[in-house]
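The values are calculated or read from the model by the stated rules, or taken from the named source; none is laboratory data. Owing to the predicted nature of the structure, the values given are computational and were not obtained by experimental measurement. When we count neighbours, we look across all protein chains shown, and the Cβ atoms used for this are built from the backbone with ideal geometry, even at glycine. Just so you know, the surface numbers come from the protein's heavy atoms only, side chains and all, with ligands and any DNA or RNA stripped out. Shrake-Rupley method; radii C 1.70, N 1.55, O 1.52, S 1.80 Å.
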Amino acid sequence: LSDPTREKRIEYREKTIRTWNKRAYVFARNTDNENNKRRRKAVFKFLRDCGIDLAGATILDIGAGPGNYAIPMAREAKEVVALDPAVAMLEIIQKRAEKEGLTNINYSSEPWEEIDLDRLGWRKKFDLVFASVSPGVRDVTTLKKMMDASRNYCYISKFAGQRRNNIQDKIWHRLFEEPRINDSMELYLPWNLL
């Protein structure tokens, strides 16, 4: 039997991946500014303040994008797995890693929703499972999977509450002739699980 909701979600995910592949290089350039550098510095300070030591750690970065966190983490960690379904994002990380001589990053383009932790040997494998504004971690199932991949710590940052962008919604509807799916996770979900 087919599940129309699941099929719609997969179709939406594939469209989203194509969009991120198209805008990967622009996104990478736009996130390499002072404001984002300050944000990254604050995130790393927060991790240190929480007692998370990246030195020698194994880290999974869900929705790694162009490597804004994976690259600095790899400078200290034993191993970083950069997971992003947009292959163009992983290509950017690989180029950045090669430029810095980093050889401890592994890459996966499998969507987080489809990851089988046991098949990959990822259950309780990572010292830190990290997801910064990642659409892959969006509901109870994907959040629990994140926690199941961690043997120590999880870090998740998302926008608080649903984000509405009327212009994006209208453009999406015009391009794809369907409403844009809002996949944002409400703030209460992680708090209730904790």
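Annotations for the structure displayed:
- Candidates 80, 133, 87, 140 - the one that is under 21 Å from residue 41 (Cβ atoms) and in contact with a helix residue (DSSP H, G or I) (Cβ under 7 Å, 6 or more places away or on another chain): 80
- Test: residue in the stretch 66-82 that is open to solvent by 60 Å² or more (accessible area, probe 1.4 Å) and under 14 Å from the mean Cα position of the chain (by Cα): no
- Whichever residue in the stretch 1-51 is within 25 Å of residue 94 (Cα to Cα) and outside any helix (DSSP H, G or I) and, among such residues, is nearest to the chain's Cα centre (by Cα): 31
- Filtering 67, 51 for residues that are closer than 27 Å to residue 122 by Cα and touching a Lys or Arg at 6+ places or on another chain (Cβ under 8 Å) leaves a single hit, 67.
- Checking 45, 37, 124, 41 one by one, the residue that is loosely packed, with under 14 Cβ neighbours inside 10 Å and touching a Ser or Thr at 6+ places or on another chain (Cβ under 8 Å) is 124 and no other.
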